[in-house]
Every structure is written in C-alpha cells, then in structure tokens.
Amino acid sequence: MIKKEIFALRKEMKDLKQNVFSTDAYQWRSNLLFLGIEESVGEDVKSKLVEFLTELNSDPDDAKKIEIERVHCLGGQRTDGKSRPIISRFLRYPDVEKIKRAAYKRPRGSEGSVQEDIPKVWLEERRKLMEKFKDAKRRGLKTKWQGIILIIEGEKFFPHKEYAIDFWTSS
C-alpha cells in the first residue's frame with residue numbers, strides 16, 4: 001500500500017515538474033538577451049536597444065514597429081569597461097523570431113549579439129548534449145535546438161532516455 005502511494009506521489013511530482021518546466025519555457029520564449037552593446041552611465045536602455053534593433057533590421061521603419069514590453073540591464077554597473085547584458089521581453093513572438101533571423105544573418109564579429117533567454121534548467125539539460133552538438137557543427141551538419149531536444153539533420157537527441165519516452169507519450 002505504501003509503495004503504491006510513494007509511486008503515485010513520485011509520478012505526481014514528476015508531472016508537476018514537467019508542468020512548471022513547460023510553463024517556464026512558454027513564458028521565456030518572448031525574451032531575448034542582447035550582448036556586447038556599448039552603454040554609457042545614465043543612458044536609457046530601451047532607446048539603446050531600439051537603436052540596435054534599427055541597425056539590425058534592414059528596414060528601419062519595421063524595427064520601430066517592434067513593441068518592447070520590458071527591458072533592463074542585468075547586474076550592476078561594471079567598472080571593467082565591459083557592457084552588461086540587456087534582457088528584453090517583446091510583446092509579440094513573431095518579432096522575436098524576426099530579430100533572431102536578422103541576428104543570425106549578421107557577419108561574425110559585428111558589434112552586439114542576440115541570444116535566446118532560456119531557463120537555467122534547459123541550459124543544464126543542453127550541456128548533456130553539448131559535445132554531440134559541437135561535433136555535429138564541426139562536421140558541418142545542420143543542427144538546431146528545440147527546447148532541450150537537439151536535432152541533427154532531422155534526428156532528435158534527448159538528454160536522457162526517459163525524456164524521449166515522455167516526449168512521445170505525453171499529450
């Protein structure tokens with residue numbers, strides 16, 4: 001009897017963790033991190049980000065239509081001359097996709113870069129597949145991340161076997 005209760009509680013806990021995981025991922029998908037953007041003391045972060053987005057986008061009018069819900073720098077003012085990461089939440093997800101595509105097309109070495117702001121749990125899970133990811137990149141294979149799932153040439157790789165089972169059996 002106790003074993004059944006423990007099993008049920010463990011399953012419930014696993015389901016709750018998965019639910020929190022999915023909710024976090026959904027909420028964070030409208031966030032982007034901007035790195036390497038020069039900043040000055042007292043400068044308005046939002047106007048600096050709009051300036052960067054205008055440079056990033058081939059159509060400046062299109063960049064002005066992007067609505068920023070929230071924006072701020074991470075961490076305190078730096079004394080080493082390096083810029084702080086800027087995190088921004090956008091009102092519409094298609095704008096996030098447009099920004100990521102434009103950033104991907106920029107030449108290497110351009111000032112400023114764009115990254116997805118993903119949950120810490122995802123980073124920990126992705127690290128488990130990072131060697132496989134780097135190896136595929138070195139070999140010139142087409143790679144992408146879908147949450148914690150690594151996709152190489154259309155084949156899906158999971159950090160753990162149970163994720164693969166849950167992925168295919170959950171609704």
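The values are calculated or read from the model by the stated rules, or taken from the named source; none is laboratory data. Here the structure is a predicted model, which is why all the values come from computation and not from measurement. Glycine also receives a Cβ, built like all others from the backbone with ideal geometry; neighbour counts cover every protein chain displayed. Areas reflect the complete protein model, heavy atoms only, side chains present, ligands, DNA and RNA absent. Shrake-Rupley method; radii C 1.70, N 1.55, O 1.52, S 1.80 Å.
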message: Just to verify a result, which residue in segment 41-65, among those that are open to solvent by less than 70 Å² (accessible area, probe 1.4 Å) and small (Gly, Ala, Ser), is modelled with the lowest pLDDT?
response: Ala63
- prompt: So, of the residues in segment 1-39 that are under 26 Å from the mean Cα position of the chain (by Cα) and part of a loop (DSSP other than H, G, I, E, B), which turns out to be surrounded by the most Cβ atoms within 10 Å (Cβ to Cβ)?
  reply: Ile37
- prompt: Could you list, in sequence order, the residues of segment 1-59 that are among the hydrophobic types (A, V, I, L, M, F, W, C) and within 20 Å of Glu124 (Cβ to Cβ)?
  reply: Met13, Leu16, Val20, Phe21, Ala25, Trp28, Leu33
task: Provide a single number: the residues in segment 113-145 that are open to solvent by 90 Å² or more (accessible area, probe 1.4 Å), of a type in the set (Asp, Glu) and assigned to a strand (DSSP E or B).
output: 0
task: Would you mind telling me which numbered condition in (1) open to solvent by 90 Å² or more (accessible area, probe 1.4 Å); (2) in contact with a helix residue (DSSP H, G or I) (Cβ under 8 Å, 6 or more places away or on another chain) Ile68 fails?
output: (1)
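Yes or no, residue by residue, for (1) within 23 Å of Ser22 (Cα to Cα); (2) of a type outside the set (Ser, Thr, Tyr); (3) part of a helix (DSSP H, G or I):
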| position | (1), (2), (3) |
| --- | --- |
| Glu69 | yes, yes, no |
| Gln77 | no, yes, no |
| Asp80 | no, yes, no |
| Arg84 | no, yes, no |
| Ile87 | yes, yes, no |
| Val96 | yes, yes, yes |
| Ala103 | no, yes, yes |
- line: Contact list, first residue from segment 29-53 and farther than 10 Å from Ser88 by Cβ, second anywhere and open to solvent by 80 Å² or more (accessible area, probe 1.4 Å), beta-carbon distance below 7 Å, six or more apart or interchain, is Leu35/Gln115; Gly36/Glu111; Val41/Gln77
query: From the list Phe157, Phe133, Phe90, which one is modelled with pLDDT of 85 or more and closer than 18 Å to Leu35 by Cβ?
result: Phe90
- request: State whether the residues of segment 71-82 include one that is modelled with pLDDT under 90, of a type in the set (Ser, Thr, Tyr) and at negative phi.
  value: yes
- prompt: Is there a residue in segment 121-128 that is modelled with pLDDT under 90, of a type in the set (A, V, I, L, M) and within 15 Å of Trp28 (Cα to Cα)?
  reply: yes
